[in-house]
Each structure stands twice: as C-alpha cells, then as structure tokens.
1. With a 1.4 Å probe and every protein chain left in place, work out the accessible area per residue of segment 18-138 in Å², rounded to a whole number.
2. Using every Cα-Cα pair within segment 1-71, state what percent have a distance larger than 16 Å.
3. Just one of (i) 0.94; (ii) 0.99; (iii) 1.05 is Rg/Rh (Cα atoms, Kirkwood Rh) calculated from these coordinates, so which is it?
4. Over the Cα atoms of segment 128-167, each weighted equally, I'd like the Debye log10 I(q)/I(0) at q = 0.16, 0.19, 0.21, 0.32 Å⁻¹, rounded to two decimals.
5. State the percentage of accessible surface on the chain attributable to carbon and sulfur atoms; use a 1.4 Å probe and exclude ligands, DNA and RNA.
6. Between Leu133 and Ser72, 0.36 nm times their residue separation minus their Cα-Cα distance comes to what?
7. If R₀ is 35 angstrom, what is the calculated FRET efficiency for the pair Val117 and Asp161, using the beta carbon separation as r and rounding to 0.05?
8. Beta carbons within 10 angstrom, averaged per residue: use that to sort the peptides 61-73, 38-50, 108-120, highest first.
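The values are calculated or read from the model by the stated rules, or taken from the named source; none is laboratory data. What you see is a predicted model; the values in this text were computed from it and never measured. Note that we place each Cβ from the backbone using ideal geometry, even for glycine, and neighbour counts take in every protein chain shown. SASA here: full protein model, heavy atoms, side chains in, ligands and nucleic acids out. Shrake-Rupley method; radii C 1.70, N 1.55, O 1.52, S 1.80 Å.
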Amino acid sequence: MVKAAESDPLDNPFWQFSLDVYARVGVAPKCLQLQEVYQIDVNLVLFGFWLGHEGWLIPDNAIAQEIAERVSQWRADVIIPLRRYRIDFQPLGKDMPAKQDPLRRQIKRLEIDAEQVEQAMLYELSRQKTLALADNRSAAMVENVIALQPALNGGKPLLEDLAVHAS
C-alpha cells in the first residue's frame, strides 16, 4: 500500500513520475506504438512501472485484474472517444494544419486531462490495495505491467527497454 503525501489527487507522485518518464527520449514513440498498434492502456503500463520503481509488486493476477477493470470503463467512455475524435478530426479550414487548429488543441487537452483522472484513480487504488515489497525494482516494473496487461507478455523485450527509460 502506497502512502499519501499530497493534497491534490490529480497532482500525485504517479502523475509526476509519468510526466517525467514520458518526456524522456524514446519513450513517447514506444508508448504510442503500444497504444495505437496493440490497443494497450499506456496508463496501466506507466502505473506498473511506477509501482516497481517505488519498490512495489502487484502480488497476484486477481489484484492486477481488479485494478485494470476499475479504470476500464473510464477509458472506454471518456479517453478513447476523445482520442478517436482528436485523431479523426479534420479542421474546417483546408489551409490550417490540424496541429495548429485551436479546437483540436482543446480536444487534446481534454484527452490529457482525462488521462490524468485515470492516473488519479490508479494512484488511489495503489493506496487501497495490499502490495508486496519488490526484491528487484527493475524486474518488478516489467512483472507489474505484464500482470496489468497480460497481452504484453510476448512484448517483454519492449517492456524491458521501456523500463530502462523509466528507471
């Protein structure tokens, strides 16, 4: 169980870790690949990394599944529709590149805000669940992600590479 240290539930240690890791060279493209190609919830990947980084291991698949299920509805109802709309959105003015369109930027901001809410939900779960102490933090990072996202079991090399960036 992770202890609380902040007053704003959206600006928690997990969110700060995620911002730091995502900004590192090579991380964003790999996360986007997981998201777009494999339909993986990158927040769960970052959460698994953060837990391991902090010295925690998700002790069993039942807890991992419960964690993933607790955020799946938010992801399905809010994050994915915002993402799809942002990606599919075409600006009305043909002379305006999509990246410069102010409405598209606002939609992207909403998507990031929704991701932050999911991360706050995950952080709160980390404070409620009984977690095990990790013997090896790097290994725990990868094990946590595979427990949260079993579809990534075959992607262990990619996860190990990402874990190096997150350490």
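1. Numbers: 6830 Å² over 121 residues.
Averaged over the residues of segment 18-138, the accessible area is 56 Å².
2. In whole percent, the long-distance tail amounts to 56.
3. (ii)
4. -0.40, -0.55, -0.65, -1.11
5. Solvent-exposed carbon and sulfur of the chain make up 56 percent of the total.
6. Gain on stretching Leu133 to Ser72: 19.4 nm.
7. 0.80
8. 38-50, 108-120, 61-73
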